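> This is the structure I want to talk about, given as structure tokens.
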Number of protein chains: 2
Amino acid sequence: MMSSNTTKSSTLRPLGIRKGQVELSHGSGGRAMAQLIEELFCTAFANEYLAQGNDGAVLPVPQGGRMVVTTDAHVVSPLFFPGGDIGSLSVHGTINDLSVMGARPLWLAASFILEEGLPLADLQRIVDSMADAARAAGVSIVTGDTKVVERGKGDGVFITTTGVGVVADDLELGGDRAKPGDAILLSGTIGDHGMAVMSQRENLAFDAPIESDTAALHGLVADMLASGADIHVMRDPTRGGLATTLNEIAKQSNVGMILEEASIPLRPAVAAACEFLGFDPLYIANEGKLVAICAESDAARLLAAMRAHPLGRESALIGSVQADPHRFVQLKTRFGGCRIADWLSGEQLPRIC
Amino acid sequence: MMSSNTTKSSTLRPLGIRKGQVELSHGSGGRAMAQLIEELFCTAFANEYLAQGNDGAVLPVPQGGRMVVTTDAHVVSPLFFPGGDIGSLSVHGTINDLSVMGARPLWLAASFILEEGLPLADLQRIVDSMADAARAAGVSIVTGDTKVVERGKGDGVFITTTGVGVVADDLELGGDRAKPGDAILLSGTIGDHGMAVMSQRENLAFDAPIESDTAALHGLVADMLASGADIHVMRDPTRGGLATTLNEIAKQSNVGMILEEASIPLRPAVAAACEFLGFDPLYIANEGKLVAICAESDAARLLAAMRAHPLGRESALIGSVQADPHRFVQLKTRFGGCRIADWLSGEQLPRIC
């Protein structure tokens, strides 16, 4: 089987990005894979570390604090949606995980699982989108890997992005640091990402198109930290939405929370889409928002810093942390009632990120 | 849709690992995912960093050199094969990528893409295998991620493992450092992993069962470095096999190579299986072997160090680096002839790792 391929005279066709497709040979470790990596990935991501051409990247040790490492698989369907695609999402998601831990993002590693038959033009578009997102955030994609699975054993492309960042030694943030009396701040509207993907998936057209909020939050976080506010917790409410994220924190910190429903920013189009499809926006994924929990006395200062950043213009104080052995997250509704916003349980919106 | 799930009274069934399956809810970010992560992943991988419970791990900055980061997606099919499984493979593969760069492995991050319907018992077995492999190598799996895709959109489980290690400041290794006259050493037999997977996939039974060579090479590498030999290049010949790996190095270093076919270790059972199935063992993946290229004067010393290690007992000097503007990797055959061992080109053995 190999013999026909082992003469030096064999030459590869050009990659043919415009009309070509991913083939199994692109994952086999041989010449076709080398070509794909060189022509497509290395060209888009070009940097000195990737150019080392070894099985990994040799990097300077992060200076100025402790190191943070985070990893995320991205399996969003469809690959392209209003406001973004799996490429930008995979960069933003990992940058945001670093950012909400207080870390400055430094480097990314990217692994691709491609399905045989994926148009190379789609892959190019996704890789360009990743490169743009990384460049905009000032981080480099320093190493990577590509595998190909047979048609019907994957779904276009899955991307795992791993991020390395550095967090100052004196900055202590964590889901277990919320204290009764703390203020709960949210950096903007909820549900945009999930409903953008959902409307694309269901082929729904709304009068006002819903766009994903996918964005890198490192700049917003830097401004928040620079404000000097005593921040205890930051987290990005992705899968499971705001309600699930707050329940996680309540559990870790052994506290309860009370939210004011009317204070939670929500676009009318997203509210309408949620109502139409039967979803609760509290459980819908966001990809460019964060929750911050800080000392009550610093809430105004922190809110001002958030609103001064382009990605935090619609920030709001949405509630407070309570002493509560039941660790309930409660919602004061617009109608004066109170309901418990429990963890997401069940299968809401698979493959949203 | 959510309302039925948002009462605090809702309780989860036990995970039911023995008879249960992966469901879409295990990837949705809610309570079922939290349960899967806690009961299955965190229990198996338990360490202080994972216990931080945030979106990533806060780690001490690596001491004693530069940092190395590497990432690898693992999509091997079948998930279980003689001598290993996707779990041990995903740990060994990443440790080996760090090791052949001269780095001491420190931490791993693991991202899982699960297919709906995967038996939880299989996932448990795979996760336990990862935990065992990591423990044996003295590295911790410090952070992770889990996504679930619908039945028929994945294939059981894909695992991306990212590794962080540290390499001494004065150690310079790289695929571009081979020099004419250098000796080429190989740490043992070739083709074992690929043919073990292949025989399992094709349901072939040989008289002598072929086992994968999957193993973590950090200990062997430590002994090789301690020998004081002037090593220029190390690399693990995985996908594409020995021939492809040597072609990569030849290209990067702008040299040629001449190998003695008779000196390349090969198990008779692997040779027979290759002949039966029409494969050339030079192109078959290995998961517990490395190639080392060193100054000719240090070859004997390095070979002795390799043979003294349990994973290098069958190490051999297999050839030498040549000045060659064509960058040919040539093979002197057992019959006195000479043939070119080109890059793998075409689709040989997809999903072998």
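The values are calculated or read from the model by the stated rules, or taken from the named source; none is laboratory data. Quick caveat: nothing in here was measured; it's all calculated off a predicted structure. All Cβ positions, glycine included, derive from the backbone under ideal geometry; neighbour counts span all protein chains shown.
> On the basis of being crowded, with 16+ Cβ neighbours inside 10 Å, on the phi > 0 side of the Ramachandran plot and within 22 Å of the chain's Cα centre (by Cα), does A:G154 make the cut? I'd like the intermediate steps shown before the answer.
Values: crowded, with 16+ Cβ neighbours inside 10 Å: yes; on the phi > 0 side of the Ramachandran plot: no; within 22 Å of the chain's Cα centre (by Cα): yes.
Criteria not met by A:G154.
> Of the residues that sit in the stretch A:165-181 and are surrounded by 15 or more Cβ atoms within 10 Å (Cβ to Cβ) and at the interface with another protein chain (Cβ under 10 Å from one of its Cβ atoms), which one is farthest from A:L120 (Cα to Cα)?
Ranking the qualifying residues of the stretch A:165-181, first place goes to A:D176.
> Could you check the stretch B:321-338 and list, in sequence order, the residues that are under 19 Å from B:I249 (Cβ atoms) and surrounded by 12 or more Cβ atoms within 10 Å (Cβ to Cβ)?
Of all residues in the stretch B:321-338, those under 19 Å from B:I249 (Cβ atoms) come to B:321-332.
If the condition is that a residue be under 19 Å from B:I249 (Cβ atoms) and surrounded by 12 or more Cβ atoms within 10 Å (Cβ to Cβ), then B:V321, B:Q322, B:D324, B:R327, B:F328, B:V329, B:Q330, B:L331, B:K332 are the ones that fit.
> Restricting attention to the stretch B:24-36, and to residues there that are part of a helix (DSSP H, G or I) and closer than 19 Å to B:G117 by Cβ, which single residue is farthest from the other protein chains (Cβ to nearest Cβ)? Show your work before the answer.
If we filter the stretch B:24-36 for residues that are part of a helix (DSSP H, G or I), which is where we start, we get B:24-27, B:31-36.
The next check asks that each one be closer than 19 Å to B:G117 by Cβ; those that pass are B:24-27, B:32-33, B:35-36.
Details: B:L24: 4, B:S25: 4, B:H26: 9, B:G27: 6, B:A32: 6, B:M33: 8, B:Q35: 10, B:L36: 13 Å.
Ranking the candidates gives B:L36 first.
Table: residues versus (1) within 18 Å of A:A196 (Cα to Cα); (2) more than 21 Å from the chain's Cα centre (by Cα); (3) surrounded by fewer than 23 Cβ atoms within 10 Å (Cβ to Cβ).
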{"residue": "A:I284", "(1), (2), (3)": "yes, no, no"}
{"residue": "A:E287", "(1), (2), (3)": "yes, no, no"}
{"residue": "A:I293", "(1), (2), (3)": "no, no, no"}
{"residue": "A:E296", "(1), (2), (3)": "no, yes, yes"}
{"residue": "A:P310", "(1), (2), (3)": "no, no, yes"}
{"residue": "A:G319", "(1), (2), (3)": "no, yes, no"}
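> Moving on to the next point. When you scan the stretch B:235-254, do you find a residue that is of a type in the set (A, V, I, L, M, F, W, C), at pLDDT 95 or above and assigned to a loop (DSSP other than H, G, I, E, B), even just one? Spell out the reasoning first.
Residues of the stretch B:235-254 that are of a type in the set (A, V, I, L, M, F, W, C), as a first pass: B:242-243, B:246, B:249-250.
With the extra rule that they be at pLDDT 95 or above, the set shrinks to B:242-243, B:246, B:249-250.
From what's left, assigned to a loop (DSSP other than H, G, I, E, B): none.
No, because not a single residue in the stretch B:235-254 is of a type in the set (A, V, I, L, M, F, W, C), at pLDDT 95 or above and assigned to a loop (DSSP other than H, G, I, E, B).
> When the stretch B:298-337 is examined, which residues are found to be of a type in the set (A, V, I, L, M, F, W, C) and free of Cβ contacts under 8 Å to residues at least 24 places away in the same chain? Walk me through how you get there before you give the answer.
Just the residues of the stretch B:298-337 that are of a type in the set (A, V, I, L, M, F, W, C), to begin with: B:299-300, B:302-306, B:308, B:311, B:316-318, B:321, B:323, B:328-329, B:331, B:335.
Answer for the stretch B:298-337, where residues must be of a type in the set (A, V, I, L, M, F, W, C) and free of Cβ contacts under 8 Å to residues at least 24 places away in the same chain: B:A300, B:F335.
> Being farther than 22 Å from B:G56 by Cα, within 14 Å of chain B (Cβ to nearest Cβ), β-branched (V, I, T) and surrounded by 24 or more Cβ atoms within 10 Å (Cβ to Cβ) is the filter here; which residues of the stretch A:114-151 pass it?
Answer for the stretch A:114-151, where residues must be farther than 22 Å from B:G56 by Cα, within 14 Å of chain B (Cβ to nearest Cβ), β-branched (V, I, T) and surrounded by 24 or more Cβ atoms within 10 Å (Cβ to Cβ): A:V148, A:V149.
> Something else now. Report every pair of residues separated by at least 6 positions or lying on different chains whose Cβ atoms are under 7 Å apart, first residue within the stretch B:13-33 and closer than 12 Å to A:R351 by Cα, second part of a helix (DSSP H, G or I).
Sorted first by the residue in the stretch B:13-33, then by its partner, the pairs are B:S25/B:A32; B:H26/B:A32; B:H26/B:M33; B:H26/B:L36; B:G27/B:M33; B:G29/A:T244.
> If B:R334 passes every condition in (1) in contact with a helix residue (DSSP H, G or I) (Cβ under 9 Å, 6 or more places away or on another chain); (2) within 14 Å of another protein chain (Cβ to nearest Cβ); (3) of a type outside the set (G, A, S) but one, which one does it miss?
The failed condition is (2).
> Looking at the stretch B:328-347 only, could you name the residues that are outside any strand (DSSP E or B) and under 18 Å from B:D236 (Cα atoms)? Before the answer, list the steps.
First, pick out the residues of the stretch B:328-347 that are outside any strand (DSSP E or B): B:328, B:333-337, B:341-347.
Within the stretch B:328-347, B:A341, B:D342, B:W343, B:L344 meet the criteria.
> Determine, yes or no, whether A:G188 is farther than 11 Å from A:L290 by Cα, in the same structural domain as A:A273 (by TED's automatic domain parsing) and at pLDDT 95 or above. Don't jump to the end; show me each part of the working.
On the way: farther than 11 Å from A:L290 by Cα: no; in the same structural domain as A:A273 (by TED's automatic domain parsing): yes; at pLDDT 95 or above: yes.
No, not satisfied.
> Is it fair to say A:E314 is away from chain B (no Cβ under 14 Å) and either over 20 Å from A:A183 (Cβ atoms) or within 25 Å of the chain's Cα centre (by Cα) (or both)? Talk me through it step by step, then tell me what you get.
Working: away from chain B (no Cβ under 14 Å): yes; either over 20 Å from A:A183 (Cβ atoms) or within 25 Å of the chain's Cα centre (by Cα) (or both): yes.
Yes: the conditions hold for A:E314.
> Quick check: anything in the stretch B:298-315 among the basic types (K, R) and either at pLDDT below 95 or more than 18 Å from B:H232 (Cα to Cα) (or both)?
Here is the first cut: in the stretch B:298-315, the ones among the basic types (K, R) are B:301, B:307, B:313.
Applying the additional criterion that residues be either at pLDDT below 95 or more than 18 Å from B:H232 (Cα to Cα) (or both) yields B:307, B:313.
Looking for residues that are among the basic types (K, R) and either at pLDDT below 95 or more than 18 Å from B:H232 (Cα to Cα) (or both), one finds at least one in the stretch B:298-315, hence yes.
> Output the number of residues of the stretch A:81-109 satisfying the condition of being part of a helix (DSSP H, G or I) and either without any contact (Cβ under 8 Å) to a residue 40 or more places away in the chain or hydrophobic (A, V, I, L, M, F, W, C) (or both).
Applying the first criterion (part of a helix (DSSP H, G or I)) to the stretch A:81-109 yields A:86-100.
Checking the rest, the ones that are also either without any contact (Cβ under 8 Å) to a residue 40 or more places away in the chain or hydrophobic (A, V, I, L, M, F, W, C) (or both) come to A:86, A:89, A:91, A:95, A:98, A:100.
Summing the residues that are part of a helix (DSSP H, G or I) and either without any contact (Cβ under 8 Å) to a residue 40 or more places away in the chain or hydrophobic (A, V, I, L, M, F, W, C) (or both) in the stretch A:81-109 gives 6.
> Taking the condition facing chain B (nearest Cβ under 9 Å) and among the β-branched types (V, I, T), does A:T162 pass? Step through it out loud before you land on a result.
Working: facing chain B (nearest Cβ under 9 Å): yes; among the β-branched types (V, I, T): yes.
It is true that A:T162 is facing chain B (nearest Cβ under 9 Å) and among the β-branched types (V, I, T).
> Any idea which of B:E275, B:E261 is within 14 Å of another protein chain (Cβ to nearest Cβ) and without any contact (Cβ under 8 Å) to a residue 60 or more places away in the chain?
Working: B:E261 fails: without any contact (Cβ under 8 Å) to a residue 60 or more places away in the chain.
Criteria check complete, one pass: B:E275.
> If B:I258 satisfies every condition in (1) in contact with a Gly (Cβ under 7 Å, 6 or more places away or on another chain); (2) buried (at least 24 other Cβ atoms within 10 Å of the Cβ) but one, which is the exception?
B:I258 satisfies every listed condition except (2).
> For A:G228, which of the numbered conditions (1) within 30 Å of A:L106 (Cβ to Cβ); (2) assigned to a strand (DSSP E or B) fails to hold?
If we test A:G228 against (1) within 30 Å of A:L106 (Cβ to Cβ); (2) assigned to a strand (DSSP E or B), just (2) comes out false.
> Do we find a residue being within 16 Å of B:A243 (Cβ to Cβ), among the basic types (K, R) and part of a loop (DSSP other than H, G, I, E, B) anywhere in the stretch B:304-327?
yes
> Same structure again: Would you check which residues across the stretch B:29-38 are out of contact with any Lys or Arg (no Cβ under 7 Å at 6 or more places or on another chain) and within 14 Å of B:G144 (Cα to Cα) and list them? Outline the logic, then answer.
Initially, the stretch B:29-38 is screened for residues out of contact with any Lys or Arg (no Cβ under 7 Å at 6 or more places or on another chain), giving B:30-38.
Listed by number, the residues that qualify are B:M33, B:A34, B:L36, B:I37, B:E38.
> Right, something else. Output the number of the condition that A:D72 fails; it satisfies all remaining conditions of (1) modelled with pLDDT of 95 or more; (2) acidic (D, E); (3) surrounded by fewer than 16 Cβ atoms within 10 Å (Cβ to Cβ).
Unmet condition: (3).
> On to the next question. For residues in the stretch A:76-109 being in contact with a helix residue (DSSP H, G or I) (Cβ under 8 Å, 6 or more places away or on another chain) and at the interface with chain B (Cβ under 7 Å from one of its Cβ atoms), which is surrounded by the most Cβ atoms within 10 Å (Cβ to Cβ)?
So the residue we want is A:L98.
> Something else now. For the stretch A:86-117, what are the residues that are on the phi < 0 side of the Ramachandran plot and either outside the structural domain of A:K147 (by TED's automatic domain parsing) or of a type in the set (G, A, S) (or both)?
If we filter the stretch A:86-117 for residues that are on the phi < 0 side of the Ramachandran plot, which is where we start, we get A:86-101, A:103-116.
If the condition is that a residue be on the phi < 0 side of the Ramachandran plot and either outside the structural domain of A:K147 (by TED's automatic domain parsing) or of a type in the set (G, A, S) (or both), then A:G87, A:S88, A:S90, A:G93, A:S99, A:A103, A:A109, A:A110, A:S111 are the ones that fit.
> Can you find a residue that is within 14 Å of chain B (Cβ to nearest Cβ) and hydroxyl-bearing (S, T, Y) anywhere in the stretch A:217-238?
Within the stretch A:217-238, one or more residues are within 14 Å of chain B (Cβ to nearest Cβ) and hydroxyl-bearing (S, T, Y).
> Another question about this same structure. Hey, can you tell me all the residues within the stretch A:53-65 that are surrounded by 14 or more Cβ atoms within 10 Å (Cβ to Cβ) and within 7 Å of another protein chain (Cβ to nearest Cβ)?
To start, the set of residues in the stretch A:53-65 that are surrounded by 14 or more Cβ atoms within 10 Å (Cβ to Cβ) comprises A:53-59, A:61-62, A:65.
Answer for the stretch A:53-65, where residues must be surrounded by 14 or more Cβ atoms within 10 Å (Cβ to Cβ) and within 7 Å of another protein chain (Cβ to nearest Cβ): A:G53, A:N54, A:D55, A:G56, A:A57, A:V58, A:L59, A:V61, A:P62.
> For B:G83, only one of the following conditions fails: (1) at positive phi; (2) at pLDDT below 95. What is its number?
Status for B:G83: all satisfied but (2).
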